[in-house]
2 protein chains.
Amino acid sequence: MSDPSSSEIADRHALDLRRQIAAGEVSASEVTQAFLDRVAAREAEVHAFAWLDPERALGEAGARDDQRREGWPLGALHGIPVAVKDIIDTAGVPTENGTPLDAGRIPDRDAYVVSALRTAGAVLLGKTVTTELGAMHPRATRNPHHTGHTPGGSSSGSAAAVAAHMTPLAIGTQTNGSVIRPASFCGIVGYKPSYGVIPRTGILPQARPLDTVGVFARSVGDAAMLVDALAGRDDGDPVAGTPPTHLIDAALTEPDEAPVFAFVRSPAWDNAEPATKSAIEALAAELGPCCREVELPPHFAMAMSAHTQIALAGIALHYGRYYDRDRDALSQEMREAIDRGRTFKAVDYLGALDFRDKLRADIGGLLGTHEVILTPAAPGEAPEGLGSTGNPAFNTLWSLLGMPAISLPLLTGPRGLPVGAQLVARRGDDAGLLRAAAWLMRRSGRG
Amino acid sequence: MSDPSSSEIADRHALDLRRQIAAGEVSASEVTQAFLDRVAAREAEVHAFAWLDPERALGEAGARDDQRREGWPLGALHGIPVAVKDIIDTAGVPTENGTPLDAGRIPDRDAYVVSALRTAGAVLLGKTVTTELGAMHPRATRNPHHTGHTPGGSSSGSAAAVAAHMTPLAIGTQTNGSVIRPASFCGIVGYKPSYGVIPRTGILPQARPLDTVGVFARSVGDAAMLVDALAGRDDGDPVAGTPPTHLIDAALTEPDEAPVFAFVRSPAWDNAEPATKSAIEALAAELGPCCREVELPPHFAMAMSAHTQIALAGIALHYGRYYDRDRDALSQEMREAIDRGRTFKAVDYLGALDFRDKLRADIGGLLGTHEVILTPAAPGEAPEGLGSTGNPAFNTLWSLLGMPAISLPLLTGPRGLPVGAQLVARRGDDAGLLRAAAWLMRRSGRG
């Protein structure tokens, strides 16, 4: 076996690295060093990391190599570097929530997902830049494909770090479009599992009925492997239900029959750029008999205002303490969101939850049992400039309904920047979603 | 075997009747007729029923007898009459929700619990009087022990019908104190299982985070048998969790060791009448080493206002349509509750839910694993007059926390009217609750 160059290692997928580490073909230390080399090369222009301690990461990797040599059983992510959004608590490591009001904050306890990473043998590579409090206001991260463009948000650094091959895997969160949109803009796989699959204990809350942990990777299999390690139950997050298992099998096994797709323009359609419209329509057409068009009834357009009710009430609840402590340290957008959320009435909030239940029942009746929705992941390419993280219009409905969604880097915009094709499945059918996603990637020569 | 008189049959417990029907010692028709005879004797003064059709009930009973003769497998409640609160939908049978605004309303579909009764082979004896919309404003029912006194509410008719031996079993609901309080006032067993045990599909909602189906019976075993038949899961009620099973075994099996009790005065203590205080203190003292006193920290007193936030916001949400249609047809109390609930802010509502989560964690730390709380079920005897259903202060905290509770007819007030001793267990430990309740009833010679 030839000695692999650092650069070549950082281009491999996590699944391959996991196998190679287990077989002794490459060490966790070499893998971690390879990604740290890529960080050294790209981070100055991308600004993906809020915290990074190369010595510490290499120390963790060395310990993983020792464990392997000593014959310990290896975890599902043994030796694989993972980067974690900076609203997710890491014991002894800064977690600053994207706000100066939490500068220097060092939690005592790991979030559930960080404990799960450690149990699985992963290496914590670093903490990634989040927008302010995981909401609207951007921070320093730039799009690796064109540093004059936003990477999207709120999981800006996680998406950018994976896209720049600075880490093979990263964790983010989505309340509106914070995983799927940056994945689309950065040309990688972003996967938001069904609401409730991954416990949120130890993660800054934004709006409990919506907040969902998601992952970034460069393949469907890698994303599945990471979610398999993070799915579970925890007393600290009572909504977490029965987690799916062996999503990796769904991603890696060739299905006996082609998946069935429903092309849905969705109420967000008018937000899409012409090139996005024609690209997704072309993809739907190519799928031929595998894909029918489904039109959502007009009342689905009201999902946006229901989402706003729930999201801004949550922001007012959870971030009001920052506002009351030092409102000038918050962005104008955040101050306005809190002001507005504080005016919302409980009956309207509960009405929005009831309306969501109605939409859930309605969409259940519109889709076939294993039918997977095909729709854009974002209106178009990453917008130019860093003043906004772009428009989440194509994500709001699916976040509201808690349906699993994945962005696949299958489209290209007029400037040559990536645009994601989004697949969405019934809540709970994460396996069906990943089966269809992997099939579509293979079919497009991207598997 | 001698021919049992109708009157003697109506004094038996449901568990005995179930066994005797199965053995052919008495028929479902005879049992149903016996309770209908008791209805004929008492209903004119008690007013427990909102709807009653003796021919229809006897028809159902006759069909149960036919099934038994034909050798069908018998359900868990085969041939047992059950009365159902009139906010619970019954297909083809009026369900008027205690308001003239729903006069003549006949649902198309059975509520989940009514389907479960039919599956178990029960006989639907009738629909019982509820307060207006299952809330505060009383209707016609009187206390069978003294018809000048309230039976409590909102499950007024269900409690009174069981207490007057007009039915062996009845179903009610509790959002604040609507099962435990009327059971206390009527001198019977009222059991509110853990939140989520019994699906609420097809029941008039009041406040979803609180609404709980409960049951009335004359013994702990009978109550357990009914909840065993009603516990389950249903897509229409997503909060329903994993139901307990075989509660009947917990109620009927003598435990190897005496249960351990925690005497809790609770924030409601100042509401209790002197006689209630001394009676429950005496019971706690009698239990000796089985019972220690646990004092709740002062912040538990804020449970009341958290409950008010959640309950009135729910009332405003669910009953606002009645108000908007014809506010003059609602009681003054209901109009005020809706007016007030409509002013509540979403952030305060969500803050109340968060505070509830904190109280849940706190009470978890205060109680031993299988320790069962002993506390009054109501401040005292049923108040005189029918203008109010009494004070739910001793029920609010446990309803807020979703903990299983049971009222046992173990105390007597200064006028000779019954007062309940209430037991409360950890959420999910329904088996532990019933084990302790049955033990305490046997120990008091009431088993």
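Just so it is clear, none of the values below were taken in a lab; they were calculated from the coordinates. Given the structure is predicted, the values throughout are model-derived calculations rather than measurements. No Cβ is skipped: glycine too gets one built from the backbone with ideal geometry, and neighbour counts run over all protein chains shown.
Remind me, relative contact order of segment B:300-372 in percent, using alpha carbon pairs under 8 angstrom and six or more residues apart? Mind showing how you got there, number by number?
Working: 43 pairs, mean separation 30.5, N = 73.
This gives 42 percent for segment B:300-372.
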- What residues have an amide H closer than 5 Å to that of A:T90, excluding those fewer than 5 places away on the same chain, when H is modeled at 1.01 Å from N in the peptide plane? A:A111
- How would you order B:85-98, B:17-30, B:249-262 from highest to lowest mean count of nearby Cβ atoms within 10 Å? B:85-98, B:17-30, B:249-262
- Message: Please report the spacing between the Cα centers of segment B:142-181 and segment A:259-278 in Å, no decimals.
- Response: 57 Å
- Item | Net charge over other residues, Cβ less than 13 angstrom from the Cβ of B:Q422 (K, R count +1; D, E count -1) | +3
- Message: Antiparallel versus total DSSP beta bridges in chain A: what percent is that, nearest 5?
- Response: 65 percent
- Task: Mind giving me the nanometre distance, one decimal, between the label points for A:A23 and A:E70, set 7 Å out from Cα along Cα→Cβ?
- Result: 2.7 nm
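Could you grab the relative contact order for segment A:6-249? Cα pairs under 8 Å, six or more apart, rounded to a whole percent.
Details: 599 pairs, mean separation 45.8, N = 244.
Contact order relative to length: 19 percent.
When Lys and Arg each count +1 and Asp and Glu each count -1, what net charge do the other residues less than 15 Å away from B:T308, Cβ to Cβ, add up to?
Working: positive: B:R340, B:R342, B:K345, B:R356; negative: B:E333, B:E336, B:D339, B:D348.
Summing Lys/Arg as +1 and Asp/Glu as -1 gives 0.
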- GNM on chain A, C-alpha springs below 10 Å: top fluctuator among A:G172, A:G148, A:G390? A:G148
- Under the rule rounded for a/c under 1.5, else prolate if a/b exceeds b/c, else oblate, using alpha carbon gyration tensor axes a ≥ b ≥ c, segment A:6-249 is classed as rounded
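When Rg is the radius of gyration of the Cα atoms in chain A and Rh is its Kirkwood radius, what does Rg/Rh come to? It would help to have the intermediate numbers written out before the result.
Working: Rg = 20.5 Å, Rh = 21.6 Å.
My calculation of the ratio gives 0.95.
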- Message: What does the charge count around A:E132 come to, taking other residues whose C-beta lies under 12 Å from its C-beta (Lys +1, Arg +1, Asp -1, Glu -1)?
- Response: -2
- Message: Test of understanding: extend the Cα→C-beta vector of A:T369 to 7 Å, then name every residue of segment A:244-279 with backbone N under 18 Å from that spot.
- Response: A:255-262
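If contacts are Cα pairs under 8 angstrom and at least 6 residues apart, what is the relative contact order of segment B:337-414 in percent? Please report the intermediate quantities before stating the final value.
Values: 25 pairs, mean separation 20.8, N = 78.
Taking the mean separation of contacting Cα pairs over the length of segment B:337-414, I get 27 percent.
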- Message: Just checking the output field for A:315-325: average partner chain Cβ neighbours within 10 Å of each residue's Cβ?
- Response: 2
